[in-house]
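Values quoted throughout were computed directly from the atomic coordinates according to the rules given, and no laboratory measurement underlies them. Since we're looking at a predicted model, the values are computed, not measured. We place every Cβ from the backbone using ideal geometry, glycine too, and count neighbours over all the protein chains shown.
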There are 2 protein chains.
Amino acid sequence: MVLILDLQRATHATLHRLAAHLGDLGLPPSELNALANLGERPGGASTVSELATAIGGRPTTLTGILDRLQQRGLLAREPHPRDRRTVIVRLTPDGVDAAERVLAAMRELERRALADLPPDAADSAAAVLRALSQ
Amino acid sequence: MVLILDLQRATHATLHRLAAHLGDLGLPPSELNALANLGERPGGASTVSELATAIGGRPTTLTGILDRLQQRGLLAREPHPRDRRTVIVRLTPDGVDAAERVLAAMRELERRALADLPPDAADSAAAVLRALSQ
DNA sequence: TATTGTTATACTCTATAACTATA
DNA sequence: TATAGTTATAGAGTATAACAATA
């Protein structure tokens, strides 16, 4: 058994499902991911670096994703109050709505998938996924 | 907790690690993934459709990936003995070697990541990942 | 000197729809 | 009619290196 192969398959499969569920938003996977990560944060806000870490990517990858979310009116960039190198990205009200829809679709997909598994399976899986993310 | 966000992060993070470990192969993530999946199969062979299912993608996505692996001499396409619509892709000897290196790197990455977790955590995680892949 | 984020470039990934060949 | 795989096209994702601004 090679867990990483299961990981890749599950990632691709869930992205397909989410795209189907959320097709009317017209957002590609990376934007859904960024949106949902921001939606989980207090105030829907984060620095670019923090968001890159949360996604498992790099700031250079995020720039384009954030540009498109901003063009769609789902996100705004703000200066950091104390460090003028840092950019804070924050969901707009429309962005908050979209993020909540994405998160709801993710939770629903999880709920259905995990219905027949032991209740603690999700926690075990989360621990493994976090260990693989270090 | 939204497991799918942990899933995306773990996927990105493991791809970065594997790329670093296997940099001398010069293969992008999708090719590493296809290679490892084929390496897990008897004879290193599969139909395009079966491989697409294993990866969680679509045949149309695979065509380009398989083209590049073939150009690199890691893979060959063969006719199916009984259905002339079907293509069988098979690792070459060089492809088998490369696939074994990729699988070894994946297993090593997993071994280190899971060292501090309960022994059955990997099995639980695999069950969850497979449920999410349905 | 180091860090944050962006830009430039080049390549890879992916989806959709249309297509060929075969069943 | 349906299925296996490919092609064409367009857009999205990613890495690397270089850069500007700031710490």
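Span-like helix check, chain B: qualifying full DSSP H segments, with Cα axial length of 20 Å or more and mean Kyte-Doolittle of -0.5 or more, are B:3-21, B:93-114.
Computed about the Cα centre, the dipole magnitude for the protein assembly as shown is approximately 600 debye when only Lys and Arg (+1) and Asp and Glu (-1) carry charge, each at its Cβ.
Sites counted here are trypsin sites (Lys or Arg not before Pro) in a DSSP loop (not H, G, I, E or B) having no more than 14 other Cβ atoms within 10 Å; the longest part of chain A that contains none of them is A:1-81.
Counting beta carbons within 10 Å around each of B:60, B:47 and listing the fewest first gives the order B:60, B:47. Computing FRET efficiency as 1/(1 + (r/R0)^6) for residue A:92 and residue B:16, where r is the C-beta to C-beta distance and R0 is 22 Å, gives about 0.10.
Overall, the anisotropy analysis places the stretch A:3-114 in the prolate class: the square-rooted eigenvalues a ≥ b ≥ c of its C-alpha gyration tensor yield a/c not less than 1.5, with a/b exceeding b/c.
With the simple spin-label model, which puts each label point 7 Å out from Cα in the Cβ direction, the residue B:61 to residue A:60 separation comes to 2.4 nm.
D by Stokes-Einstein for the protein assembly as shown, Kirkwood Rh over Cα pairs, 4 °C, 1.567 mPa s: 66 µm²/s. Placing a label point 7 Å from Cα along the Cα-to-Cβ direction at residue A:47 gives distances to the equivalent points in the other copies of 5.3 nm, listed shortest first. Sorted shortest first, the separations between the residue A:115 label point and its copies elsewhere in the assembly read 4.1 nm; each point sits 7 Å from Cα along the Cα-to-Cβ line. Exposure proxy for A:6, B:67, A:123: other Cβ atoms within 10 Å of each Cβ, ordered fewest to most, give B:67, A:123, A:6. On full extension, the segment bounded by residue B:68 and residue B:41 gains 7.7 nm, given 0.36 nm per residue less the C-alpha separation. Distances between equivalent label points of residue B:82 across the copies, with each point positioned 7 Å along Cα→Cβ, amount to 7.0 nm, shortest listed first.
This ranking places B:12, A:16 by how few other beta-carbon atoms lie within 10 Å of each, fewest first, which gives A:16, B:12.
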